[in-house]
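Notes follow the structure.
The values are calculated or read from the model by the stated rules, or taken from the named source; none is laboratory data. Remember, predicted model here, so these are calculated numbers, not experimental data. In this analysis, Cβ positions are derived from the backbone assuming ideal geometry, glycine residues included, and neighbour counts consider all displayed protein chains. Note: accessible area is taken over every heavy atom of the protein model, side chains too, but ligands, DNA and RNA are not part of it. Shrake-Rupley method; radii C 1.70, N 1.55, O 1.52, S 1.80 Å.
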4 protein chains.
Amino acid sequence: MPPTVRLLIACPDTRGIIAAVTRFIAEHDGNILDLDQHSDLEHGEFFMRVELDRRGFGLSPQTFAAAWEPIATRFRMQWSLAWGERRKRMAILVSRQTHCLSDLCWRWQSGELDVEIPIVVSNHADAGSIARQSGIRFEVCPVTPATRPEAERALEQLLGECGADFVVLARYMQLLSPELVARWPHRLINIHHGFLPAFKGGAPYRQAYDRGVKMIGATSHYVTEILDDGPIISQDTTPTSHRDTVDDLVRKGRDLERVVLARAVRLHAEDRILVSNNKTVVFD
Amino acid sequence: MPPTVRLLIACPDTRGIIAAVTRFIAEHDGNILDLDQHSDLEHGEFFMRVELDRRGFGLSPQTFAAAWEPIATRFRMQWSLAWGERRKRMAILVSRQTHCLSDLCWRWQSGELDVEIPIVVSNHADAGSIARQSGIRFEVCPVTPATRPEAERALEQLLGECGADFVVLARYMQLLSPELVARWPHRLINIHHGFLPAFKGGAPYRQAYDRGVKMIGATSHYVTEILDDGPIISQDTTPTSHRDTVDDLVRKGRDLERVVLARAVRLHAEDRILVSNNKTVVFD
Amino acid sequence: MPPTVRLLIACPDTRGIIAAVTRFIAEHDGNILDLDQHSDLEHGEFFMRVELDRRGFGLSPQTFAAAWEPIATRFRMQWSLAWGERRKRMAILVSRQTHCLSDLCWRWQSGELDVEIPIVVSNHADAGSIARQSGIRFEVCPVTPATRPEAERALEQLLGECGADFVVLARYMQLLSPELVARWPHRLINIHHGFLPAFKGGAPYRQAYDRGVKMIGATSHYVTEILDDGPIISQDTTPTSHRDTVDDLVRKGRDLERVVLARAVRLHAEDRILVSNNKTVVFD
Amino acid sequence: MPPTVRLLIACPDTRGIIAAVTRFIAEHDGNILDLDQHSDLEHGEFFMRVELDRRGFGLSPQTFAAAWEPIATRFRMQWSLAWGERRKRMAILVSRQTHCLSDLCWRWQSGELDVEIPIVVSNHADAGSIARQSGIRFEVCPVTPATRPEAERALEQLLGECGADFVVLARYMQLLSPELVARWPHRLINIHHGFLPAFKGGAPYRQAYDRGVKMIGATSHYVTEILDDGPIISQDTTPTSHRDTVDDLVRKGRDLERVVLARAVRLHAEDRILVSNNKTVVFD
């Protein structure tokens, strides 16, 4: 794949948007490699993702906004542009369960995830060796109910230092304050070990076992201030039976969690997700 | 397959149960074709299903209970025996959505379901032609809030007349009274068009759409007096995306509902389900 | 959904295609409801599907071609246009297994398939009652090795009479001659009861059983002159185990076949499929 | 779970086997925790797996065979017993692709796989750091067409030295000689990156891409002297589309391969697999 520029657009649905956008790109010598769009007829909203070849495109990060302004204004667009000249910086938070962390590290090393991982932060020391084996800085931020505010300040200090663009909660079992969440809108990705909206909150595999479900699931979503209620990015399920103990569900669930979280990370890293009405539009 | 006798057992878990049961069967010249068992270590319960060749078995429906009594008493068993000399009689309740009804009729005609279908009852006339095309008696029992008690009496009258062994709610959109439910324990099978315990109650596909889930599901379960809370028999899921409207979810869901309900019916008809602690043990 | 016009395009990949097409549509007051495109970088090919609101579009079936000609020529396009003023006419061929036929009839009656079904043709009389119950003309064309040429002539006569746009082989177990196949390119849809390219030819469930696979599948594809080798439209799989007999595989497979064939029919009916290099591009 | 003894039996199908076996176990104070059995009516074969509590069982590894002999002879049984007093020793072979290796190491370290891993052998040096990070001995056995016989001797020397019970080919891209294969019957587990029997041999993802399949798969199987033809243990599939390049298929396939191979290893380690007629009976 050549280097690409990615443009994400959300605006009220009306006629002529695609023509206006593609004409603009053509007039600036852009070559569209991928275009995907979606009209939400119920809410009258329009979403579009355009990926174009950076080579030969007649605009630069400096000149794009001014040239684009008339179209954005005319269609009342919310838009964002990823020029792709550098990879996104992904910080990882983790507690004691390390399967998602080691999976992300492995995918990253194998070239599957187009990101930098400047830091792994945990409230425990357990995950240190995994991070370090991958050559990633590791920091411990212990959290107790009494020290939560300071711990969060230290955490955000670290995220700022390392220039994190987004944060992945790879089985991080601490609640984040609404203030912190508000500062990272659609930039905190969590993996919930249950098929949301079923089994919110703690011990979802235990809940699933007690309810006697015949399938379990995992859900990756953006974090909002309401627990386990943010926009869902990806989900998957796997069959279970009466023979499965809670431990079996935990084991089966780990395989789901790893795949579902990695998928969400890849989609986010490639600028494939738009959020509206607490739901995601995923252009994959 | 030869004609078979099926024995279902639930009792406190202890050693020697399998040996005692299989020795008993061998002593009466029974040939075991299939034996499945499960120990719930958490609750200290034991479950077993034995299917044996009816030909050559030395006991009859008349003599079995007396011979079996000592073992049942010794292990404090709850047990049931299906001699299989006649097929179970399955009544179907349906409202306006007929996809599950026509699916069951088709499977029945193709020999996939080992049951009789003596009657289809609906609170509307719509389903009549489907039932009659399959040669099944069709009756309408209209229900309004005011007439619910009489309607239920009429319904149970019909179920009694036709000798129903169990009842399938193939998208029957009326609530059944706790009294009726209590008279048919583990003999009322419902299909819920959502992935329980998510999206209980009405309009589950609408709920799923509004939540923005990336998979939808369907759930077959025994009916209990608490809505959508009975023991789950079978579930399945299918992926969705932001492109799916509520109508698309309904369409995709119909395919799930048909398969999941048919599976539950087959498992029940073949005496493969035991219930304990509001959960099912499914020997398939 | 409003009434729509659908434009399918395949051409050598180059820059400016999307801009040219969307500008053309905008200049003729077309409102694009859905646009999907794909570049095959390996073969240097470009594929696009545009669906636009028919209401208000400034061109007609009579005037479109002339206006469109310059763009089609400039980009060396193969293209087709479905004006959508009438539903496609789908003929169904079937032999003795009727599960796919009755499934298609049911979906059609429930409004899931946007087609007309003018005729069902079979080499046996068995399927007649299903077709007639749905109000569809039914004809028998018996086939023996000796009479194949005449039988095919009679078949094509019937297809011509009833104005069939495409033909679905819903478990039709007769080979079609290369000549007939050549006259219906990408207009003959078959359901193969195996996971192609495994288990080509006859008795695929028996082949799967003998090989001891742990999943079985079904495949819908366009028919080409090489048996079971045409462009694949849709596939699905389901788990199996050593407990499954050949009959169990047949039963499980029927559920796959019905869903996979119905999906292919819907995709074709909605003009969502392009074919290139014996593969399909499916815009769903 | 308590420590267990596992008994695997295959014999001609006849009546009384289960009763005889369970009576024998009861007479020696064995407590059956799990019993699973299967009759292959087509071939007249009977298969059974019994898992019993080692504590309190009245026989020992030394005394079992003599006591068991009469039953084994009477029913012409092939049988094996895993006393479970030590964990199976699993050697791993790997070439340059390390995703399966690192996945097995991770599962092993997390306690998911009940085995020892005494050695990892590769024909390249690449995998060394992964093995060593998990504290596993790593050896390189380079292979060229000219040195294959010596390389295999060196390999078997290593397997012997470390007391390997079975060998996992975790993306080992060298053919093994028929002689070596014959010395490890049902003890060589391979992961094939295709949905067997489709796409045998080299570059299965390329083959899948060229054929245009809409799902890809992975297959774990025992190695026999015929390439990619041994008894299948586990398979899984995932959907693909025209948008997937060969590289995308490789990426998606890696997730399948890891899960499918790990499942096969777990089933083998827990003595849950019997082989007959080049097919597996998997008691899970």
TODO: Output the number of residues of the range B:38-55 satisfying the condition of being facing another protein chain (nearest Cβ under 8 Å) and either on the phi > 0 side of the Ramachandran plot or of a type in the set (S, T, N, Q) (or both).
DONE: 1
TODO: Could you tell me which residue of the range A:1-21 is nearest to the other protein chains (Cβ to nearest Cβ), considering only residues that are free of Cβ contacts under 8 Å to residues at least 24 places away in the same chain and touching a helix residue (DSSP H, G or I) at 6+ places or on another chain (Cβ under 7 Å)?
DONE: A:Ala19
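Of the residues in the range C:222-240, how many are open to solvent by 30 Å² or more (accessible area, probe 1.4 Å) and at pLDDT 95 or above?
Residues in the range C:222-240 being open to solvent by 30 Å² or more (accessible area, probe 1.4 Å) and at pLDDT 95 or above: 4 in total.
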Task: Residues located in the range D:228-245, provided they are over 28 Å from D:Phe283 (Cβ atoms) and either in contact with a Pro (Cβ under 7 Å, 6 or more places away or on another chain) or in a loop (DSSP other than H, G, I, E, B) (or both) - done: D:Thr240, D:Ser241, D:His242, D:Arg243, D:Asp244, D:Thr245
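Residue-by-condition table, conditions (1) over 22 Å from the mean Cα position of the chain (by Cα); (2) of a type in the set (Ser, Thr, Tyr); (3) not assigned by TED's automatic domain parsing to the domain that holds C:Pro178:
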{"position": "C:Val121", "(1), (2), (3)": "no, no, no"}
{"position": "C:His124", "(1), (2), (3)": "yes, no, no"}
{"position": "C:Ala127", "(1), (2), (3)": "no, no, no"}
{"position": "C:Ala131", "(1), (2), (3)": "no, no, no"}
{"position": "C:Ser134", "(1), (2), (3)": "no, yes, no"}
{"position": "C:Pro142", "(1), (2), (3)": "yes, no, no"}
{"position": "C:Pro149", "(1), (2), (3)": "yes, no, no"}
{"position": "C:Ala154", "(1), (2), (3)": "yes, no, no"}
{"position": "C:Gly160", "(1), (2), (3)": "no, no, no"}
TODO: Please name all residue pairs, on different chains or six or more residues apart, with Cβ atoms under 7 Å, provided the first residue is in the range D:238-263 and is within 14 Å of chain C (Cβ to nearest Cβ) and the second residue is of a type in the set (Asp, Glu) and open to solvent by 30 Å² or more (accessible area, probe 1.4 Å).
DONE: D:Leu256/D:Asp236; D:Val259/A:Asp255; D:Val259/D:Asp236; D:Val260/D:Asp236
Task: Condition check for C:Leu35: open to solvent by less than 30 Å² (accessible area, probe 1.4 Å) and within 12 Å of chain A (Cβ to nearest Cβ) - done: yes
Open item on the list: When the residues of the range B:26-40 are narrowed to those that are in contact with a Phe, Trp or Tyr (Cβ under 8 Å, 6 or more places away or on another chain) and closer than 18 Å to B:Ala67 by Cβ, which ends up modelled with the highest pLDDT?
Closed with: B:His28
Task: All helices (runs of 4 or more DSSP H) inside the range C:116-221 with 2 or more residues being open to solvent by less than 10 Å² (accessible area, probe 1.4 Å) and either within 14 Å of chain D (Cβ to nearest Cβ) or under 30 Å from C:Asp248 (Cβ atoms) (or both) - done: C:128-133, C:204-211
Open item on the list: Any residue that is closer than 22 Å to D:Cys105 by Cα, in contact with a strand residue (DSSP E or B) (Cβ under 8 Å, 6 or more places away or on another chain) and modelled with pLDDT of 95 or more - is there at least one of those in the range A:115-124?
Closed with: yes
Open item on the list: Whether any residue in the range D:271-281 is within 11 Å of another protein chain (Cβ to nearest Cβ), on the phi > 0 side of the Ramachandran plot and either crowded, with 23+ Cβ neighbours inside 10 Å or touching a residue at least 60 places away in the same chain (Cβ under 8 Å) (or both) is what I want to check.
Closed with: yes
- [ ] Inspect the range D:90-104 for any residue being surrounded by fewer than 18 Cβ atoms within 10 Å (Cβ to Cβ), in a loop (DSSP other than H, G, I, E, B), outside the structural domain of D:Thr14 (by TED's automatic domain parsing) and without any contact (Cβ under 8 Å) to a residue 60 or more places away in the chain and give the result as yes or no.
- [x] no
TODO: Filter the range A:246-284 for residues that are small (Gly, Ala, Ser) and assigned to a helix (DSSP H, G or I) and give the result.
DONE: A:Gly253, A:Ala262, A:Ala264, A:Ala269
Open item on the list: Which numbered condition in (1) in a strand (DSSP E or B); (2) open to solvent by 20 Å² or more (accessible area, probe 1.4 Å) is the only one that C:Val50 fails?
Closed with: (2)
TODO: Could you list all residues from the range B:85-123 that are over 15 Å from B:Met173 (Cβ atoms) and among the hydroxyl-bearing types (Ser, Thr, Tyr)?
DONE: B:Ser102, B:Ser110
Task: Qualifying positions in the range A:1-39 - of a type outside the set (A, V, I, L, M) and within 25 Å of D:His242 (Cβ to Cβ) - done: A:Pro2, A:Pro3, A:Thr4, A:Arg6, A:Thr22, A:Gly30, A:Asn31, A:Asp34, A:Asp36, A:Gln37, A:His38, A:Ser39
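A quick yes/no check of all residues on (1) touching an Asp or Glu at 6+ places or on another chain (Cβ under 9 Å); (2) of a type in the set (Val, Ile, Thr); (3) at positive phi:
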| site | (1), (2), (3) |
| --- | --- |
| A:Leu169 | no, no, no |
| A:Leu196 | yes, no, no |
| A:Ser220 | yes, no, no |
| A:Ile233 | no, yes, no |
| A:Thr245 | yes, yes, no |
TODO: Of the numbered conditions (1) in contact with a Leu (Cβ under 6 Å, 6 or more places away or on another chain); (2) open to solvent by 70 Å² or more (accessible area, probe 1.4 Å); (3) charged (D, E, K, R), D:Arg107 fails exactly one; give the number of that condition.
DONE: (2)
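If you check A:Gly111, A:Gly84, A:Gly58, which single one turns out to be of a type outside the set (S, T, N, Q), within 14 Å of chain D (Cβ to nearest Cβ) and either without any contact (Cβ under 8 Å) to a residue 24 or more places away in the chain or in a loop (DSSP other than H, G, I, E, B) (or both)?
A:Gly111
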Open item on the list: If I ask for residues that are surrounded by fewer than 17 Cβ atoms within 10 Å (Cβ to Cβ) and assigned to a strand (DSSP E or B), which ones from the range A:7-32 would you list?
Closed with: A:Pro12
